Amino acid sequence: MTAPKQTNPPAFRAERCLLSVPAIKPILFEKALSSEADSIMLDCEDSVAEGEKSRARKNVINALTAIDWHDRGKNIVVRINSVDTHFMYRDLVDIVEHAGSAIHSVMLPKVDSVSDVYMVEKLLAQIESAKGLKRAIAIEVIIETAAGAQNMQTIASASARLEALHFGAGDFAASCGARTVDIGGLNADFPGDPWHPIMQSIVIACRANGLRPIDSAYGDYKDKRGFIAATKRAAALGFSGKWAIHPDQIAIVNEVMTPTQDEVASAKAVLDAMALAAKEGAGATSIGGKMVDVASIKMAKNIVELDAFLRTQETSVL
Ligand code: GLV
Ligand code: MG
């Protein structure tokens with residue numbers, strides 16, 4: 001599949017399921033490693049209490065130096081603390097200095113504006129140069145504040161290192177004063193999906209800038225039906241991945257974010273029908289009573305190319 005925008009490292013990589021693992025629980029690392037998630041996010045931020053930040057950081061460094069995650073086909077994402085905390089600089093400096101070559105990307109939470117990304121980008125460049133790292137570390141941003149949502153268009157083009165925008169439903173709800181204490185999912189008091197506008201905006205900002213849109217965590221991990229529905233809504237909008245906070249959610253995300261063979265067959269039928277139409281000099285035709293035209297070719301190609309791309313992703317993506 002053609003990469004939408006050239007970055008170093010390339011923006012297009014499989015990140016259907018990002019499994020979030022609290023860095024304070026190293027006992028979960030091996031399990032995460034043998035899971036089917038494309039990306040493992042080692043979290044130094046909100047799943048770690050303030051008094052444990054330093055221990056979390058050390059756990060990440062130990063895990064990244066002791067385990068060959070890339071060899072096991074995983075993208076390694078480290079979620080550092082946000083720039084408005086005094087934990088952030090230590091997270092970045094300590095972890096990248098000691099284990100930078102093992103990290104695929106740094107995830108920056110609660111990004112409010114371009115300057116937040118700029119700060120991390122410049123620090124990364126300095127550490128990489130000082131340590132002689134061979135590969136540029138990517139940045140993935142979480143859109144989860146009202147300010148971040150307002151400034152999303154500029155954030156999305158803030159850096160050539162940017163690869164993905166993630167939606168953080170919990171913090172976004174808090175930042176907007178939404179009347180809920182749930183992370184992600186629907187709200188019985190709201191008709192429809194309360195997260196739809198921000199989710200749609202994230203997809204647009206990502207697709208306009210060659211980034212991956214990745215959907216939020218879903219806190220109620222026992223609610224399988226709700227999680228499937230939320231994942232399907234995200235895929236329908238154009239998200240290419242979603243977070244899992246529990247191992248039971250991984251297979252669901254992988255399944256929903258991977259085109260089914262029926263979808264691929266229908267998409268190929270559209271391409272065949274349009275190829276035939278083109279030979280006859282027509283710009284549109286119909287399949288099963290539905291009109292298809294040049295826009296249908298683009299939609300169908302998205303599915304066929306995504307299917308082909310995912311088949312190439314069985315081994316390490318670095
Ligand atoms: C994720 O970080 C969230 O706030 O939901
Ligand atoms: Mg958050």
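Here residue 221 sits with roughly 110 square angstrom of accessible surface, probe radius 1.4 Å. Counting only residues at least eight positions apart within a chain, or on another chain, the lysines with an alpha carbon under 25 Å from that of residue 279 are 268, 290, 298, 301.
Please give the helix 261-279 orientation as an angle from the longest Cα principal axis of the chain, in degrees from 0 to 90, rounded to the nearest 10. So the helix axis and the longest Cα principal axis differ by about 50 degrees. Note on residue 31/residue 308: beta-carbon distance plugged into 1/(1 + (r/R0)^6) with R0 of 35 Å gives a FRET efficiency of 0.70. A full extension of the chain between residue 85 and residue 299 corresponds to an added length of 72.8 nm, given 0.36 nm per residue minus the alpha carbon distance.
In terms of accessible area, using a 1.4 Å probe and ignoring ligands and nucleic acids, 204, 198 rank largest first as 204, 198.
About its Cα centre, the dipole of the chain is roughly 460 debye, where the only charges are +1 on Lys and Arg Cβ and -1 on Asp and Glu Cβ. Close amide H contacts of residue 17 (hydrogens built in the peptide plane, cut-off under 5 Å, sequence separation of 5 or more or a different chain): 38, 39, 242. In this view, the solvent-accessible surface of residue 46, computed with a 1.4 Å probe and all protein chains in place, comes to about 90 Å².
The angle between the Cα long axis of helix 88-99 and the longest principal axis of the Cα atoms of the chain comes to about 80 degrees, rounded to the nearest 10.
Residues whose amide H falls under 5 Å from that of residue 108, counting only those 5 or more places apart or on a different chain, are 140, 141, 142, with hydrogens built in the peptide plane. Ranking 242, 122 by solvent-accessible area of protein heavy atoms (1.4 Å probe, all protein chains present), from largest to smallest, gives 122, 242. The helix-based estimate of mean residue ellipticity at 222 nm for the chain, built from -39,500 (n - 2.57) per DSSP H run of four or more residues and divided by its residue count, is -13500 deg cm²/dmol to the nearest 500. The relative contact order of the chain, computed from alpha carbon pairs under 8 Å that lie at least 6 residues apart in sequence, is 18 percent. Here is the P(r) of the chain: all C-alpha pair distances, binned every 20 Å from 0, give 32, 56, 11, 0 in whole percents. Packing, as the average of other Cβ atoms within 10 Å across residues, places the peptides 260-272, 13-25 in the order 13-25, 260-272, highest first. To the nearest 0.05, how large is the calculated FRET efficiency for residue 207 and residue 129 if R₀ is 41 Å and r is the Cβ-Cβ distance? Computed FRET efficiency for residue 207 and residue 129: 0.80.
Straight-line cross-link partners of residue 131 among the lysines, defined as a Cα under 17 Å from its Cα and at least 8 positions apart when in the same chain: 122.
Axis angle, to the nearest 10 degrees, between helix 53-66 and the longest C-alpha principal axis of the chain: 70 degrees.
The values are calculated or read from the model by the stated rules, or taken from the named source; none is laboratory data. Predicted model, so just to flag it, every value in this text is computed and none were measured. All Cβ positions, even for glycine, are placed from backbone atoms using ideal geometry, and neighbour counts span all protein chains on display. Calculation scope for accessible area: heavy atoms of the full protein, side chains included, ligands and nucleic acids excluded. Shrake-Rupley method; radii C 1.70, N 1.55, O 1.52, S 1.80 Å.
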